[in-house]
Amino acid sequence: MTPIDAGLLGADQWLAGLDTPAWLVEPGGATVVLGNAAAADCLGLPAQDLVGRPAQSLLPGLEDEAFWAEVRLGHAGQLVSDIRMPRAGAADQHYQRRIVPLGAPAGAYLVTLTDRTAAQVAEQEREALLSELRATLEAAADGILVTDTRGVISAFNRRFASLWSLPEAALAERNDAAVLGWMQQSVADGPAYQARLDDIQAQLLLCATDTLTLRDGSVLQRHTEPQWSAGRPIGRVYSFRQVQRGRAMPEAGAGLRGVDERLSWPDRPGFLHHLDQAVAQAQDEGCPLSVLCVEFDRQALFGLDGEGQARAMSELAEGLQAQVRESHVLARLGAGRFGLLLRQSGEVGAEQLARRLVASAVTGQRGLLATTGLKLHVGVAVHPQAGVCADDLLRHAEQALEAARLQPRAHWHVHQLVRQPQPESRRQQRLERAVREGLVSPSFRIHFQPRVDARTGAVQSVEALLRWHDPEDGLLLPAQFLGLAERAGVMGGLDDWALEHALRQAGRWAQRHRMPALTVNVSGSTLCQPAYARRVAALLQASGWPARQLELDFTELALQRDPDAALWNLQALQRLGVRLVLEHWGQGDCAVGLLRRFPLSAVKLDRSLVRATPRQGPEGEQARGLMRSLVSLAHAHQMEALATGVENESQRDFVQSLGCSGWQGLLAWPALDARAVERSVLQRVFEAEPAPAMPRVANG
């Protein structure tokens with residue numbers, strides 16, 4: 001029976017009959033009006049002292065504070081979550097807390113606690129065992145595959161997936177037949193591999209070591225032993241170790257494959273070998289990689305006699321060598337065609353080198369073409385935009401070279417991967433399915449781009465940027481799928497997933513490094529949801545990440561979608577201590593009223609303005625004048641001004657001269673995966689500085 005329909009008459013007897021802690025809260029002031037003895041005992045308070053207490057004081061926390069604030073405003077629904085209550089001199093108690101409204105509209109809210117301490121202890125023990133097993137597997141230098149006696153896969157580690165280049169679909173679906181079939185197709189002799197595997201499976205107690213040659217030329221050593229439990233074999237463990245990587249490097253020496261006779265540089269097979277290794281390193285470390293194909297006028301070269309060709313080739317080689325760093329790899333790919341492998345160099349660096357080569361060929365600088373006067377063309381391909389393997393990168397660089405050769409004069413061209421256009425409805429269906437099937441799959445990823453403090457040069461913040469790996473279109477940037485997510489109504493799930501995983505990753509970093517702030521983007525549809533501020537509070541509390549170290553970025557359109565709902569959420573987030581940043585400032589209407597109405601901490605100037613500042617003429621002057629006005633406007637409202645899209649030193653100097661407190665862009669760092677951030681940003685920037693005390697992060 002529900003007593004609220006008849007007021008609170010008889011509610012005390014009704015509560016007393018419950019065997020769990022329970023109390024009633026009136027919504028107007030969010031104070032306790034009734035409670036049972038179990039609640040008083042659980043909370044450690046005399047029964048008479050429960051009445052009249054603020055509801056948020058009984059179970060203090062950010063989540064409760066946000067919920068009861070919504071109750072007082074008449075916006076709250078219900079709340080179900082797990083909480084932990086400390087006990088002096090004893091282990092913490094774990095409860096499931098449930099708050100539900102009684103009546104419509106709610107005349108009161110019923111709060112109940114269900115003891116989950118025993119279940120939580122058992123769950124933690126089980127999770128500790130699983131975590132230890134996972135850590136052991138992932139810490140192994142070898143690839144590990146575990147199967148049961150029937151050959152069904154029970155576990156494998158990332159190294160195994162990497163060695164066998166397993167496709168993401170097989171990893172996400174955990175399809176045993178697909179994984180095992182992929183392995184058989186990957187070896188050079190599939191039938192012999194399968195026959196040996198069947199023989200191993202048929203002998204439960206067999207221990208064996210074999211050598212496997214894969215189609216790409218890599219060689220693996222496989223060792224297998226039975227898995228034991230309670231004195232009997234319950235499965236089999238396979239370990240794989242790489243003996244030889246990818247394409248085998250031909251032996252060096254004149255006249256042998258792999259080395260050009262005339263220049264003693266790598267030839268095409270040798271260049272592909274170096275490129276194989278560079279691609280593997282780039283994938284492991286998250287660093288950029290570019291390939292250039294440089295070709296001189298073949299017809300003019302063929303017109304020279306033997307001695308003239310040798311002299312011209314020597315001159316070309318010396319000229320190319322003078323233009324590149326020692327860490328780059330130079331190769332001869334054909335009569336007048338050369339390959340350049342640029343490690344640690346993205347599209348900007350590759351374009352700069354291509355432009356410099358073309359310019360030096362025209363002017364005869366630094367010995368390049370000083371006497372031959374040959375025409376030069378350059379094709380550029382960048383990893384991973386133009387391919388994720390050596391063959392694709394070289395093929396696309398040569399395709400770009402062919403495009404450059406269509407020009408009558410010396411020219412360079414960057415390969416752009418052209419995909420067949422697809423109806424947006426098909427991509428939207430795949431996106432909806434990816435979200436519906438769960439965001440735990442590797443389809444969604446987060447990359448991070450650091451922001452630099454304009455005064456000190458230190459890392460000021462790390463911005464989390466969502467990526468989606470579409471099974472048909474590959475890795476997509478937010479601009480390519482967030483519009484679809486908005487139309488499909490799944491933006492809230494993506495926003496919550498990105499915030500939760502960014503907080504979790506930042507928490508792991510904080511245990512080892514001094515951490516800057518964390519910046520996460522939020523969409524307009526999510527910002528206007530009534531319970532958004534409460535969800536942020538719950539995620540902050542669960543992760544242990546300090547609210548003052550979190551920035552949330554949103555656009556003018558997000559604020560204009562539902563201004564009242566957005567204002568309520570932003571005010572609640574500000575009370576938590578979260579920094580609120582208006583991004584793409586200068587791209588939209590730049591409504592001054594937004595700065596006055598909403599509790600903003602900073603504005604972030606749009607990259608289109610920053611890119612236009614170095615230009616000469618009216619367009620550049622207009623961009624510079626608008627940026628001065630926008631920064632002055634922000635400072636007048638006691639807000640910081642930040643800049644995005646800074647790609648060169650002149651842009652950096654200009655935004656700093658305006659008084660921008662921070663900037664981000666390719667001049668500092670591109671967007672990096674988590675491993676690259678820790679290695680290239682956190683360790684490099686902070687390893688020499690003593691780390692201040694940071695809160696330990698739960699669930700990290």
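Remarks
- Failed item, numbered, when Arg451 is tested on (1) surrounded by fewer than 17 Cβ atoms within 10 Å (Cβ to Cβ); (2) within 26 Å of Glu649 (Cβ to Cβ): (1)
- Where Arg247 falls short, out of the listed (1) at pLDDT 70 or above; (2) touching a helix residue (DSSP H, G or I) at 6+ places or on another chain (Cβ under 6 Å); (3) closer than 16 Å to Asp391 by Cβ: (1)
- Residue pairs meeting the criteria (Cβ under 6 Å; at least 6 apart or on separate chains; first farther than 12 Å from Arg150 by Cα, in the stretch 191-206; second of a type in the set (A, V, I, L, M, F, W, C)): Tyr193/Val187; Leu206/Ile200
- When Val51 is tested against (1) in contact with a helix residue (DSSP H, G or I) (Cβ under 9 Å, 6 or more places away or on another chain); (2) free of Cβ contacts under 8 Å to residues at least 24 places away in the same chain, only condition (1) is not met.
- Filter pass, Asp19 being touching a strand residue (DSSP E or B) at 6+ places or on another chain (Cβ under 9 Å), of a type in the set (Asp, Glu) and either surrounded by 19 or more Cβ atoms within 10 Å (Cβ to Cβ) or modelled with pLDDT under 85 (or both): no
- Residue check, Arg652 farther than 12 Å from His584 by Cα, basic (Lys, Arg) and open to solvent by 10 Å² or more (accessible area, probe 1.4 Å): yes
- Applying the criterion of being within 22 Å of the chain's Cα centre (by Cα) and at pLDDT 80 or above to the residues of the stretch 149-159, the residue that is least open to solvent (accessible area, probe 1.4 Å) is Asn157.
- From the list Glu347, Glu261, Glu315, Glu285, the one residue that fits, being modelled with pLDDT of 80 or more and of a type outside the set (Ser, Thr, Tyr), is Glu347.
- None of Leu582, Leu600 is surrounded by 14 or more Cβ atoms within 10 Å (Cβ to Cβ), over 24 Å from Glu649 (Cβ atoms), modelled with pLDDT of 85 or more and touching a Lys or Arg at 6+ places or on another chain (Cβ under 8 Å) except Leu582.
- From Ala11, Ala91, residue being at pLDDT below 85 and open to solvent by 50 Å² or more (accessible area, probe 1.4 Å): Ala91
- Checking the stated criteria, Leu484 turns out to be in a helix (DSSP H, G or I), at pLDDT below 85 and either under 30 Å from Leu518 (Cα atoms) or touching a Lys or Arg at 6+ places or on another chain (Cβ under 9 Å) (or both).
- Some residue of the stretch 138-148 being in a helix (DSSP H, G or I) and either at pLDDT 80 or above or surrounded by fewer than 14 Cβ atoms within 10 Å (Cβ to Cβ) (or both): yes
- Residue within the stretch 59-79 that is farther than 21 Å from Arg534 by Cβ, modelled with pLDDT under 80 and open to solvent by 60 Å² or more (accessible area, probe 1.4 Å) present: no
- Residues satisfying the stated conditions in the stretch 336-352, i.e. open to solvent by 10 Å² or more (accessible area, probe 1.4 Å) and either touching a strand residue (DSSP E or B) at 6+ places or on another chain (Cβ under 8 Å) or in contact (Cβ under 8 Å) with a residue 40 or more places away in the chain (or both): Arg337, Arg343, Gln344, Ser345, Gly346, Glu347, Val348, Gly349, Glu351
The values are calculated or read from the model by the stated rules, or taken from the named source; none is laboratory data. Predicted model only: the values in this text are computed from it and were never measured. When we count neighbours, we look across all protein chains shown, and the Cβ atoms used for this are built from the backbone with ideal geometry, even at glycine. Side chains included, ligands, DNA and RNA excluded: accessible areas come from the protein's heavy atoms. Shrake-Rupley method; radii C 1.70, N 1.55, O 1.52, S 1.80 Å.
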